[in-house]
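The values are calculated or read from the model by the stated rules, or taken from the named source; none is laboratory data. No experiment lies behind these values; they were computed from the predicted model shown. For neighbour counting, all protein chains shown are included, and Cβ atoms are generated from backbone atoms with ideal geometry for every residue, glycine included. Accessible surface areas use protein heavy atoms only, side chains included; no ligands, DNA or RNA. Shrake-Rupley method; radii C 1.70, N 1.55, O 1.52, S 1.80 Å.
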Amino acid sequence: SPAQKLVFNRVNGKRPPLLLQQISAPEECYTLAHEENVRFVYEAWQQVEQQLDGSRSGESTCGPVQYVEKTPNPGLKNFVPIDLEEWWAQQFLAKIEN
């Protein structure tokens, strides 16, 4: 059976006020250049995804190619990718417990 995931539900979609005060970090400031870079990467990735979807449905013969390994490395036979959401949940719980 698949491992159970931790789910954090907020009451009425809001965090309790005390929790916000304890965890509050300095407000992050994003420069115009940062936002421009993020927008550029996002839009470029959207184009790649659209082209990939088009090539899967047979619309286009050129464009991005998705890499699929034909002969997998036997050393990676038992490799299990990390579930980042689960890892962050465990880190969060560890901070609370300490």
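Highest average first, the peptides 79-91, 41-53 ordered by how many other beta carbon atoms sit within 10 Å of their residues are 41-53, 79-91.
In terms of solvent-accessible area of protein heavy atoms at a 1.4 angstrom probe, what is the ranking of 31, 71, highest value first? Each step should come with its number before you reach the end.
Working: 31 85, 71 110 Å².
Largest accessible area first, the residues go 71, 31.
Each residue was assigned an accessible area with a 1.4 Å probe, and for residue 36 the value is about 120 Å².
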